[in-house]
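Peer 1: So that we are looking at the same thing, I have put the structure below in structure tokens.
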Amino acid sequence: ITPHAYLVQARLRLARRLLAEGHSPADTAFMAGFADQSHLGRWFQRAYRISPAHYRRLCTNLPDVSKK
């Protein structure tokens, strides 16, 4: 595994934990070290075949405030 692939995997693991705790996708992207929310979304979708927002909804009962 390349150093970059390892770094992306570590960031994605952190992102999954943060989303499961109820953090927003935008905050999660910042805290996990992604350039922005869309960067997180592209990697998350590629790795897990699900969007970060959808993953968050599956893990929590928190409403998605970005849809207001």
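Peer 1: Let me have the 222 nm mean residue ellipticity of the chain computed from DSSP H runs of 4+ only, each contributing -39500 (n - 2.57), with the sum over all residues rounded to the nearest 500. List each step's numbers first, then the result.
Peer 2: Working: 4 runs with 46 residues, N = 68.
Rounded to the nearest 500, it is -20500 deg cm²/dmol.
Peer 1: Can you give the accessible area of residue 24, probe radius 1.4 Å, in Å² rounded to 10?
Peer 2: The accessible area of residue 24 comes to roughly 40 Å².
Peer 1: Using a simple spin-label model with points 7 Å from Cα along the Cα→Cβ vector, what separation in nm is obtained for residue 46 and residue 21?
Peer 2: 2.6
Peer 1: Between residue 7 and residue 59, what is the label-to-label distance in nm when each label sits 7 Å out along the Cα-to-Cβ direction?
Peer 2: Once both label points are built, they end up 2.2 nm from each other.
Peer 1: For the chain, what percent of Cα pairs sit more than 19 Å apart?
Peer 2: Numbers: 555 of 2278 pairs.
So the pairs more than 19 Å apart make up 24 percent of the total in the chain.
Peer 1: What does the C-alpha gyration tensor say about the overall shape of the range 25-64? Classify as rounded when a/c is under 1.5, otherwise prolate if a/b is larger than b/c, or oblate. Please list the in-between numbers first.
Peer 2: Numbers: a/c = 2.50, a/b = 1.31, b/c = 1.91.
Oblate.
Peer 1: Taking the chain as the reference, fit the longest principal axis to its C-alpha atoms, fit the long axis of helix 3-20 to the helix C-alpha atoms, and give the angle between the two in degrees, 0 to 90, nearest 10.
Peer 2: The helix 3-20 is inclined about 20 degrees to the chain.
Peer 1: With contacts defined as alpha carbon pairs under 8 Å and 6 or more residues apart, what's the relative contact order of the chain in percent?
Peer 2: Numbers: 58 pairs, mean separation 20.2, N = 68.
With pairs under 8 Å counted, the relative contact order is 30 percent.
The values are calculated or read from the model by the stated rules, or taken from the named source; none is laboratory data. Please read all numbers here as calculations on a predicted model, not as lab measurements. Neighbour counts run over all protein chains shown; Cβ positions are idealised from the backbone, glycine included. SASA here: full protein model, heavy atoms, side chains in, ligands and nucleic acids out. Shrake-Rupley method; radii C 1.70, N 1.55, O 1.52, S 1.80 Å.
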